[in-house]
Amino acid sequence: FPAYDAQAIETKWQQIWEDEKLYKTDEDPSKPKKYVLEMFPYPSGDLHMGHARNYTIGDAMARQARMRGYDVLHPIGFDAFGLPAENAAIKHHTQAAAWTYSNMDQAVRTMRRMGFSYDYDRMVKTCEPDYYRWGQWFFIKMWEKGLAYRATSPVNWCPTCKTVLANEQVVDGRCWRCGSIPEKRELSQWYLKITDYAQELLDGLDDLPGWPDRVKQMQRNWIGRSEGAEIDFKLAAEDGVTPTDRTITVFTTRADTLFGVSFMVLPPESKLAEELVAGTQYEADFRRLREATAKVSSVERQGTNREKHGVFTGRYVINPINGRPAPLWVADYVLMDYGTGAVMGVPCGDQRDFDFARKYGLEIAPIICQKDDPLYEDLKDERELRVTSVDWDGAMEAEGYLVQSGQFTGLRGGKHSEGVDAIVAWLEDHGVGRRKVQYRLRDWLISRQRYWGNPIPMIHCDHCGDVPVPEDQLPVVLPDNLDLGAGDTLAECKEFYETTCPKCGRPARRITDTMDTFTCSSWYYLRYCDPHNDSEPFSKAAVDRWMPVDNYIGGIEHAILHLLYSRFWTRVARDLGMIDASEPFTNLLCQGMVKDQNGDTMSKSKGNVVPPSSVIEPYGADTMRLSILFIAPPEKDFDWDEEAVAGANRFIKRAWRVVWQLCQSADPEATLNPAGLDPVSKELNRVLNEMGIKCTDDFDRGQFNTAISACMEIVNAASKYVIEVPAERRDPALCQRVAHDLVCMLSPIIPHWSEELFHAALGRETSVYNEPWPEFDPEQAKSDVVEIAVQVKGKVRAHIAVPASSSREELEAAARAAVAPQLEGKEVKKVIVVPGRLVNIVAV
Ligand code: ANZ
Ligand code: ZN
């Protein structure tokens with residue numbers, strides 16, 4: 001039989017599969033559907049190992065699903081807008097499009113070379129007008145529903161990328177893309193109102209058992225639901241005691257601590273604070289604090305260990321529950337964009353307030369105590385605020401009992417306590433407070449001051465304000481003649497921005513911001529369902545057939561960003577009546593990272609990148625695919641291992657030989673009679689069934705490494721069979737069955753190898769992917785049990801039941817264990833094993 005020639009086989013089958021359009025989606029409604037999707041790549045160059053791993057996992061799932069009778073949708077595309085293309089264009093005085101297209105071409109060549117079973121006719125490239133047109137269309141629908149709006153507020157500006165960032169794109173205080181520390185700038189920007197869906201996005205996580213818990217937890221934390229109350233304080237006149245009619249409202253989760261308020265804090269960005277200090281002795285300090293704070297990220301500002309900085313405003317507010325004045329401060333640990341942007345300072349219950357009070361000599365009044373606190377006895381019935389300073393080491397953030405708290409003294413205090421309920425009820429009765437649920441999630445800032453993105457389809461008219469581009473004028477096409485290297489920008493491109501107002505016809509200016517590329521990736525999986533539709537983004541029938549995605553595979557770095565935005569976008573589409581599903585992705589698999597041989601992440605700067613071509617060229621794509629899937633379970637990180645690659649290649653060759661050898665003794669016409677097999681054949685049949693069941697089950701759980709191990713066991717058993725049993729005594733039906741099933745089970749993993757053997761060795765004429773997945777019989781997987789006599793010095797001392805397939809070693813071990821009492825204190829001289837009959841132990 002022929003030697004295994006990976007390169008020849010692989011090129012041959014890739015061509016045939018392509019010519020025969022083997023991976024074209026059936027669109028056969030009589031079959032159940034399965035939508036298998038890998039997160040589409042950003043085309044920054046050729047594919048790397050991380051991509052190869054991602055797509056190999058998806059491909060194995062898609063191929064296996066096809067054999068199990070599903071109508072499979074398995075598409076690919078490119079997230080083609082974005083900054084790297086623009087930066088490359090600036091550097092080389094070329095067009096961002098040219099760079100992007102040449103990278104996409106290269107990536108597709110590598111995908112084909114890897115043998116991925118994509119329906120390439122459905123490819124979506126987000127930089128193409130027939131795709132981004134519908135992104136603009138969505139924007140306008142959201143604008144019409146009040147879900148897209150423009151607002152001026154302090155935003156994160158990345159000085160390196162020269163654009164603003166969404167909150168989600170500031171990761172640990174740094175730009176997600178380049179790692180620079182963003183600055184705060186006051187700018188007029190465009191937002192999508194994801195906060196309207198905050199509760200739904202939170203609740204929906206409970207309906208996603210197929211998602212990793214850690215991803216769900218990250219989303220929960222990001223959405224950050226807090227139950228609390230808003231409380232209205234009156235600003236006092238300059239005398240510090242007379243209430244004015246101006247209200248400052250705080251958000252608190254601890255209304256129970258209201259009697260302990262010793263100051264109020266506004267953030268340095270506060271307009272009110274700026275107004276109050278204007279022209280006073282506090283103004284200079286206030287301005288200094290504001291400038292210093294602008295350089296600090298909001299994550300850092302909230303850090304409990306960070307030193308807090310504040311300035312007094314010279315003014316007071318009046319506590320609604322007891323009429324006491326409290327000084328109004330400005331401090332950097334309070335954020336403008338959370339809650340109401342104002343905090344009631346309760347040093348005894350909050351560590352940040354405690355630190356602040358200590359630093360600036362403010363009151364620390366104990367209004368909550370635990371029973372073992374010496375203060376408790378003294379204050380437990382105290383209703384007035386008598387003690388206003390304590391020598392505590394820190395705040396008491398745990399639950400306790402309210403003291404010095406008027407009629408509420410004695411109630412339990414703490415988060416969600418009866419103290420909170422009672423005080424909120426009082427505030428509601430008196431019209432100075434109300435229950436409030438607060439989310440950390442902010443609206444999604446989508447405008448970017450960059451060229452290579454989807455233009456925001458809005459026009460600004462001095463007369464009519466912001467006016468959407470009429471639907472029949474979409475898409476707003478991105479000009480392709482800018483010389484970015486010479487400093488051209490969209491904002492300065494007259495031909496682009498000069499236009500007329502769609503409402504009044506006067507000269508007007510197009511918005512020159514583009515949309516965050518995460519808008520493009522928020523719905524590409526919907527477009528795949530109906531990629532050539534030119535009258536709507538997708539038809540409802542198409543998305544209702546295919547959605548939700550059954551298996552979504554991608555990196556953990558998208559746990560919040562892409563996965564949260566997509567869940568939002570799907571709901572927007574649902575509320576526009578465009579789709580039935582709310583959740584886009586039923587099962588999510590976050591694949592682990594591929595690190596270098598020393599466990600370091602691969603990166604160009606470290607020079608330790610192993611390109612897929614370095615494996616494909618010497619060994620072939622099948623060896624690459626098998627190595628990736630065999631080294632570790634999909635969700636685990638692994639260190640690249642050349643030895644493992646060589647090992648994978650040896651296995652492929654060995655399995656190749658075994659299949660050919662089996663086929664030489666095989667008879668496709670013969671029927672297998674499991675009961676009539678001789679013991680050696682019976683054992684091979686047993687291993688096939690046992691391992692076939694295991695392999696199928698492992699596939700269902702996405703555990704490809706153990707699925708491969710199961711196939712290896714079959715190869716081992718078959719190889720033993722062809723060595724031990726002379727060709728004329730092999731069972732022809734069994735040989736056929738084992739060869740066939742092995743080829744089928746390995747075909748999702750090493751497709752070219754399988755397809756070649758299916759045709760050349762098994763003599764079949766259709767693709768192995770049209771073959772149903774083999775079925776196995778648990779009965780035949782069971783090993784026969786035989787009873788064996790155990791003798792000690794020729795006398796029967798025990799009978800043991802063992803699997804008929806037990807080896808000599810296993811028999812001896814089982815026998816020794818059964819007669820352990822008789823052997824105690826004796827020395828075993830000799831053991832005679834007669835398989836299937838007896839074990840005789842000679843001991844003295
Ligand atoms: C008084 C108080 C007393 C508080 C106490 C806590 C303990 P979560 O759970 O994260 O929602 N806060 C409110 N708005 C803020 C802002 N813009 N910047 C910084 N801090 C802010 O946190 C809610 C608590 O965070 C609120 O409850 C408030 O402090 C603070 F013993 O109010 B608390
Ligand atoms: Zn107008």
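Of note:
- Of K145/K494; K12/K636; K34/K145; K503/K540; K145/K436, pairs whose Cα-Cα distance is over 28 Å: K145/K494; K12/K636; K34/K145; K503/K540
- Heavy-atom accessible area with a 1.4 Å probe sorts D530, D480, D678, D71, largest first, into D480, D678, D530, D71.
- Unit Cα scatterers, Debye sum, the stretch 719-819: log10 I(q)/I(0) for q = 0.17 Å⁻¹: -0.89
- Cα-Cα P(r), the stretch 120-180, percent of pairs per 5 Å interval: 4, 15, 14, 12, 19, 20, 12, 3, 1
- Longest to shortest principal axis, alpha-carbon extents of the stretch 104-240, angstrom: 79, 39, 35
- Solvent exposure of the stretch 264-325 amounts to 49 Å² per residue of accessible area, where only protein heavy atoms count and the probe is 1.4 Å.
- The mean sequence distance of close C-alpha pairs (under 8 Å, at least 6 residues apart), as a share of the length of the stretch 417-471, puts its relative contact order at 16 percent.
- Where Rh is the Kirkwood radius over Cα pairs, Rg/Rh for the stretch 61-168: 1.08
- Farthest positive-ward along the chain dipole, Cα basis, beta-carbon charges - from P584, Q136, A89: A89
- Cα-based helix-to-principal-axis angle, 621-631 vs the chain, degrees rounded to 10: 70
- One quarter of the convex hull surface built on the alpha carbon atoms of the stretch 412-555 amounts to 17.3 nm², the projected area averaged over directions.
- The angle separating the long axis of helix 283-294 from the principal Cα axis of greatest extent in the chain is about 10 degrees.
- Working note: 222 nm ellipticity from helices only, DSSP H runs with n ≥ 4, each -39,500 (n - 2.57), summed and divided by the residues of the chain, gives -11000 deg cm²/dmol to the nearest 500.
- Here the accessible area of the chain is 49 percent carbon and sulfur, with a 1.4 angstrom probe and all protein chains present.
- Percent breakdown of C-alpha pair distances by 5 Å bin, ordered from the shortest bin, for the stretch 392-471: 3, 10, 11, 12, 11, 7, 5, 5, 6, 9, 10, 8, 2
- Mean separation of Cα contacts under 8 Å (6+ apart) over length of the stretch 190-300, as relative contact order %: 15
- Between Q302 and E471, the simple spin-label model (points 7 angstrom out along Cα→Cβ) gives 4.0 nm.
- Considering the stretch 787-844 at the alpha-carbon level, its Rg and Dmax are found to be 10.2, 31 Å.
- Volume per residue of the C-alpha convex hull in the stretch 347-494, rounded to whole Å³: 263
- DSSP-assigned coil residues among trypsin sites (Lys or Arg not before Pro) in the stretch 337-433, each with at most 10 further Cβ atoms within 10 Å: K371
- Among the GluC sites (Glu not before Pro) in the stretch 735-844, those located in a DSSP loop and surrounded by at most 14 other Cβ atoms within 10 Å of their own Cβ are E765, E775, E824, E827.
- Compared with the alpha-carbon gap, the fully stretched path from S614 to S226 is longer by 134.5 nm at 0.36 nm per residue.
- The alpha carbons of the stretch 635-769 stretch over 47, 30, 27 Å along the principal axes, in descending order.
- Look at the alpha carbon pairs under 8 Å that are at least 6 residues apart: their mean separation over the length of the chain gives a relative contact order of 14 percent.
- Cα-Cα separations in the chain greater than 35 Å, expressed as whole percent: 63
- Seen against the Cα atoms of the chain and their longest principal axis, helix 418-429 is set at about 50 degrees.
- For the stretch 251-347, the equivalent ellipsoid derived from the Cα gyration tensor has semi-axes of 21, 18, 10 Å, listed largest first.
- Here R440 and H416 are evaluated by their C-beta separation; at R0 = 22 Å the FRET efficiency comes out at 0.80.
- For the stretch 512-637, Kirkwood radius (reciprocal of mean inverse C-alpha pair distance, Å): 17.4
- Qualifying trypsin sites (Lys or Arg not before Pro) for the stretch 130-220 [loop in DSSP, other Cβ within 10 Å: at most 14]: K145, K162
- With K and R counted +1 and D and E -1, the other residues having a Cβ less than 14 Å from that of L588 yield a net charge of -4.
- Fully extended contour minus Cα-Cα distance, from E20 to D46, at 0.36 nm per residue: 6.7 nm
- Convex hull volume per residue in cubic angstrom - Cα atoms of the stretch 273-416: 128
- Ratio Rg/Rh, restricted to the stretch 562-603 and using Cα atoms, in which Rh is the Kirkwood radius: 1.32
The values are calculated or read from the model by the stated rules, or taken from the named source; none is laboratory data. Since we're looking at a predicted model, the values are computed, not measured. Counting neighbours? That spans all protein chains shown, and the Cβs are built from the backbone with ideal geometry, glycine included. Heavy atoms of the whole protein, side chains included, go into the accessibility calculation; ligands, DNA and RNA do not. Shrake-Rupley method; radii C 1.70, N 1.55, O 1.52, S 1.80 Å.
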